[in-house]
Each structure stands twice: as C-alpha cells, then as structure tokens.
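What follows is a single structure, written as structure tokens, with notes after it.
The values are calculated or read from the model by the stated rules, or taken from the named source; none is laboratory data. Owing to the predicted nature of the structure, the values given are computational and were not obtained by experimental measurement. Using ideal geometry, Cβ is built from the backbone for each residue, glycine included, and neighbour counts are taken over all protein chains shown. For accessibility, only protein heavy atoms count, side chains too; no ligands or nucleic acids. Shrake-Rupley method; radii C 1.70, N 1.55, O 1.52, S 1.80 Å.
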Amino acid sequence: MKATSHAKSAVTHMKWILCGMLLVIGPTDQLVIGQGNPNPGVIPPHSRPYGLTYGEWGAQWWRWAYSFPVGQFPPSQSGELDCGLGQSGSVWFLAGTAGQGPVTRSCTMPAGKALFFPIITYLNDYPCPDPNFQPPPGETLEEFLTEGAAAIIDAVTQLEVVVDGQSLNDLFSYRATSRLFTFTADPSLVAFDSCVTGTEQYGVTDGYWILLSPLPPGPHTIFIRGVIDFGGGNTFEVEVTYNLTVGL
C-alpha cells in the first residue's frame, strides 16, 4: 500500500534515500532548532541558493535520480563511481542508498561544484496502481501528496553525518518540502517504485537536505547514518560512506 497519511502501513512501498554528505554531523535527537546557521560551509536552508529553494532543489534531485535506468539508479550503486553522470551546472548531486545495508562509494569530482544531497528523503508520487490512492473530496493533489510525504519524514529520529572527523550540527533544522512538481522516470524504475509510469507524472518530496558550498581540492571521507522509527520495533536504517576526491 502506498505510504500516506491515509495508509495503514508506513513501511511498504517506501522510497527512501539517505545520502552522503560532505560535512559532519553528530548524532542528534529531534528537537526545535533556533535561528541562524549552525554550520559554516552549509548554505542555510531558508535561502535561495543558486536561484532555487531547498525544496525546489529537492525536486531537481529526484528528477536526476529517476532519470537513470534501474541498473544505474544512483542510490543502488556501490564501489567506484562516476560522479559526473547526469550532472551539469554549478550544483552537483550525491545519492545515498535504497536501504540495501552499509555501502561504501568512491568517486572523483571537479572543484568549484556545490553539492546538494538529502540526508534522508521521500518522494510521494502519483498516479499509482492502487485505484484508492486518490485525494479525498475537498483536498487537492498537492495537499494529498504533501501529507503523505510528511507522514514518513515525521518518523525520522536520528541523523548523523561525519566528514573528515568533523560534525555538522542541528540537522533537524534542514528539513524542506517541495511544491507539486512533474517528473518523468525511467520505466525500469517500476522495480523500485511501483508508482513509476515512465511518462510525465506528479510528485511531492519531503526530507532533510544539505547544500554544501564547494569543497577544497583533496580527499574527503563522509559517513552518513539515519533512522526512521515507526514504533513497535519497526525501523529503517541506512549507512553510507563516501570516499570523495575533489580535483584541482
């Protein structure tokens, strides 16, 4: 069943991505974060970096991730990678995992690129095979998808990122939600997301995101871990380590 505020199970048919970050975050508990930027080097979440909000960059991230066939789907990859696949412009994307267990990745990228990635994110997309997956009377499609995505991300309890031994603080202040957007996924991704049609469709994404200012040349090691806790011993956990080399 599709995971929404109307669904009976928040675990089935989930699309999670816990992505590698190039900053460090110590384990944090969910709490209310004050104003200000606690992390120099991270562009604040309520700004419009490179012309888009964090939520708009989130939509762009899903368009990028879903443009690949299932065999090249970025969250499913491990080992040595080509970081440049599908990338363009001043902002490049990093991907995490699709829940397949601890993953280590290595790649090289050019200097001067900001890095945008989710710590963890969910895409609520439409239409789906279930004929009952529809907005109730009086609710718009955007409201319906936004509620469903929020129900998943509300269950995040732990976020951790460590980069080069440094910790990024107050990760729960980096949550952002997109507006309703359109995307076209590679048809083979139906194996990952049963709602993929291979044609233009709608979505709303919610999650915790980071936009990192360009890193200096050299090697960087990033460890990322996140937990979603649905209660009753039902949790979802992802770990990923990036060995990243930034060129000259």
Query raised in the report: Given (1) farther than 20 Å from THR53 by Cβ; (2) outside any loop (DSSP other than H, G, I, E, B); (3) at pLDDT below 95, where does CYS83 come up short, assuming only one miss?
Result: (2)
Requested in this report: Please tell me if THR140 is open to solvent by 30 Å² or more (accessible area, probe 1.4 Å) and β-branched (Val, Ile, Thr).
Outcome: yes
Report summary line: Only unsatisfied item for ASP130, checking (1) in contact with a strand residue (DSSP E or B) (Cβ under 9 Å, 6 or more places away or on another chain); (2) over 21 Å from VAL238 (Cβ atoms), is (1)
Query - Single condition ALA176 does not satisfy, out of (1) of a type in the set (Gly, Ala, Ser); (2) more than 23 Å from THR221 (Cα to Cα); (3) in contact with a strand residue (DSSP E or B) (Cβ under 9 Å, 6 or more places away or on another chain); (4) open to solvent by 50 Å² or more (accessible area, probe 1.4 Å) - result: (4)
Query raised in the report: Of the residues that make up the stretch 151-162, is at least one over 21 Å from ILE43 (Cα atoms) and out of contact with any strand residue (DSSP E or B) (no Cβ under 8 Å at 6 or more places or on another chain)?
Result: yes
Query - Residues within the stretch 189-198 that are open to solvent by 40 Å² or more (accessible area, probe 1.4 Å) and either assigned to a helix (DSSP H, G or I) or in contact with a Ser or Thr (Cβ under 7 Å, 6 or more places away or on another chain) (or both), tallied - result: 2
Report task. Look through the stretch 228-248, keep the residues that are of a type outside the set (A, V, I, L, M) and part of a loop (DSSP other than H, G, I, E, B), and return whichever of them is most open to solvent (accessible area, probe 1.4 Å). Result -> GLY232
Report task. Take the residues in the stretch 203-227 that are touching an Asp or Glu at 6+ places or on another chain (Cβ under 7 Å) and surrounded by fewer than 21 Cβ atoms within 10 Å (Cβ to Cβ), then tell me which one is modelled with the highest pLDDT. Result -> HIS220
Report task. Hey, can you tell me all the residues within the stretch 92-143 that are closer than 21 Å to PRO49 by Cβ and without any contact (Cβ under 8 Å) to a residue 60 or more places away in the chain? Result -> TRP92, PHE93
